[in-house]
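Step one of this worksheet: look at the structure below.
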Amino acid sequence: MKKQRILVAYGSKHGATGGIADEIGRTLEQDGFETEVRPASEVQDVTRFDAVVLGSSLYAGRWQRDALRCASRNADALVHRPVWLFSSGPVDSSAEQHEIPPVPAAAKTMEHLHARGHATFGGSLTTETPGWIAHTLVKHGKGGDFRNPERIRTWAHRIGSELRSQEPE
Ligand SMILES: Cc1cc2nc3c(=O)[nH]c(=O)nc-3n(C[C@H](O)[C@H](O)[C@H](O)COP(=O)(O)O)c2cc1C
């Protein structure tokens, strides 16, 4: 049978969310899907994909504009496909300790697209993250890489299983 094609799109300012998207793409590829990982700003057409995972980093409690625009630009096609959303943000272990709900715009997007699920993953803020706010936070011990590959992979495997369970016999 033809492999299902999955797009993993992401909105990112400094690359940390791209790393999460890559991990999701790699995991689904290992699970036997054909995957493509793309910045949300580059996604003009999702019709050649069977399913879409869309994520964004959080800044001041908001999703990236690129990710929101990607969702609205492709809404007509996305509502007819299985969609999952993820957010990347907390630069501490809170995302490991409890489920962090989507921020309002992401929750609205979920509702709009009838998304099947959402996860918030820990983010990353290091000395390599540009910007004075990031530097100040890191200097005061607020930084670190809280992306947990194991948790990301577990979530991606779950998406894979759900898609697989709906394949025709
Ligand atoms: C100025 C600033 C504001 C941030 N605001 C939030 C926030 O509101 N919620 C959150 O969970 N993380 C917040 N973060 C953490 C980022 O979301 C985290 O570093 C993320 O991994 C960045 O991903 P990116 O490199 O893909 O943009 C903030 C970081 C900075 C530098």
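The values are calculated or read from the model by the stated rules, or taken from the named source; none is laboratory data. Keep in mind it's a predicted model, so treat the numbers as computed, not measured. As a convention, Cβ positions derive from the backbone with ideal geometry for all residues, glycine included, and neighbour counts pool all protein chains shown. Protein only, heavy atoms only, side chains kept; ligands, DNA and RNA dropped before computing areas. Shrake-Rupley method; radii C 1.70, N 1.55, O 1.52, S 1.80 Å.
Points worth noting:
- Within region 1-42, tally of residues that are within 16 Å of the ligand (Cβ to nearest atom), in a loop (DSSP other than H, G, I, E, B) and either in contact with a Pro (Cβ under 8 Å, 6 or more places away or on another chain) or in contact (Cβ under 8 Å) with a residue 12 or more places away in the chain (or both): 3
- Per the conditions (1) surrounded by fewer than 21 Cβ atoms within 10 Å (Cβ to Cβ); (2) farther than 30 Å from GLU167 by Cα, the sole criterion not satisfied by GLU99 is (2).
- Test: residue in region 128-140 that is within 13 Å of the ligand (Cβ to nearest atom) and modelled with pLDDT of 95 or more: no
- Residues (under 18 Å from ARG81 (Cβ atoms) and open to solvent by 40 Å² or more (accessible area, probe 1.4 Å)) located in region 132-166: ARG158, SER161, GLU162, ARG164, SER165, GLN166
- Pairs, first open to solvent by 30 Å² or more (accessible area, probe 1.4 Å) in region 102-131, second hydrophobic (A, V, I, L, M, F, W, C) and in a strand (DSSP E or B), C-beta under 7 Å, six or more apart: PRO102/LEU85; ALA105/TRP63; MET110/LEU85; ARG116/VAL83; ARG116/TRP84
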